[in-house]
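To start, the structure itself, in structure tokens.
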Amino acid sequence: MSTDGWKNFGNYGADRDPGNVHGKIALARALEDALERMIIDGGIKSPVDTHRGLKARMRYLTTTKGGPQALADAGIHATPTTIRAWTRGTRRPRPANLEAIDTAYWNLRAHNVLTNPGALKQHLNRGGRGTRIEIHPINQAAVDEPRRRDNLRIQRRQVRYRRRRRLVANDLDTMEDLWDDVIAELDSDWGAYTYVSYIGIGA
């Protein structure tokens, strides 16, 4: 069977499975997951209720642009003297303030990662080595049986992002361009992976 039927997604029932989506949609979701991991994995590991964790968060919030506003948005309205005492570790905030400090820290870190146009691209390129992606073909359970393909399998590819455009997960035009680059490497079978069930991005 040629790949034309798979490029004409839905002709044989594949669209009846809501998990089957265009590759650019699955790629955008995978990149959003990668961004969440970037935010968490690169963040402060020590809990906020430890001496080290509190000092690290307060240092970030008092030396990073937007820190005071992040604290205010989280409900912290302490005096400068109190803020300095928390930062130095000479005074311990109440539990409610500890939670608010943690919220302020993660909100500010997320904002700074998401607004850095080069952060995601740098993370994916990993010094030129690229990142591993896993492409799961569409779920064929809803496809008319005579039209199912037995040779569809999980594809694994190493991807390097070379385009100069800013890489933003919710920019579907960019995602479509990037997805076209990825599946072009599948040669004659590329049409079978225009729509997929899942894309995973490795470290």
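The values are calculated or read from the model by the stated rules, or taken from the named source; none is laboratory data. Just so you know, these numbers come straight off a predicted model, no measurement behind them. Please note: Cβ atoms are built from the backbone with ideal geometry, for glycine as well, and neighbour counts cover all protein chains shown. Each accessible area value is taken on the protein alone, full model and side chains, heavy atoms only, with ligands, DNA and RNA left out. Shrake-Rupley method; radii C 1.70, N 1.55, O 1.52, S 1.80 Å.
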* Asked: Looking at (1) farther than 28 Å from Thr64 by Cβ; (2) open to solvent by less than 30 Å² (accessible area, probe 1.4 Å); (3) modelled with pLDDT under 80; (4) outside any loop (DSSP other than H, G, I, E, B), can you tell me which one Ile135 breaks?
  -> (3)
* **Restricting region 8-17 to residues that are assigned to a loop (DSSP other than H, G, I, E, B) and farther than 11 Å from Thr194 by Cα, the residue that is modelled with the highest pLDDT** => Asp17
* Asked: Across region 18-42, what is the number of residues that are in a loop (DSSP other than H, G, I, E, B) and either at pLDDT 95 or above or buried (at least 16 other Cβ atoms within 10 Å of the Cβ) (or both)?
  -> 1
* Structure fact -> All-but-one check, Arg94 against (1) crowded, with 16+ Cβ neighbours inside 10 Å; (2) among the charged types (D, E, K, R); (3) modelled with pLDDT of 85 or more, failing number (1)
* **First in region 84-100 and closer than 13 Å to Arg57 by Cβ, second anywhere and open to solvent by less than 30 Å² (accessible area, probe 1.4 Å) and of a type in the set (Ser, Thr, Tyr), Cβ under 9 Å, 6 or more apart** => Pro93/Thr82
* Structure fact -> Checked region 43-65 for anything of a type in the set (Val, Ile, Thr), surrounded by 13 or more Cβ atoms within 10 Å (Cβ to Cβ) and part of a helix (DSSP H, G or I); matches are Thr62
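For region 98-106, does any single residue satisfy the condition of being modelled with pLDDT under 75, open to solvent by less than 70 Å² (accessible area, probe 1.4 Å) and of a type outside the set (Asp, Glu)?
No, region 98-106 has no match at all.
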* **Those residues of region 66-85 which are in a loop (DSSP other than H, G, I, E, B), modelled with pLDDT of 95 or more and loosely packed, with under 14 Cβ neighbours inside 10 Å, in sequence order** => Gly75, Thr79
* Asked: Can you name the number of the only condition in (1) at pLDDT 80 or above; (2) of a type outside the set (Asp, Glu); (3) assigned to a loop (DSSP other than H, G, I, E, B) that Ala141 fails?
  -> (1)
* Taking Lys121 and the conditions (1) open to solvent by 70 Å² or more (accessible area, probe 1.4 Å); (2) in contact with a Leu (Cβ under 7 Å, 6 or more places away or on another chain); (3) of a type in the set (D, E, K, R), which numbered condition does it fall short on, given that it satisfies the others? -> (1)
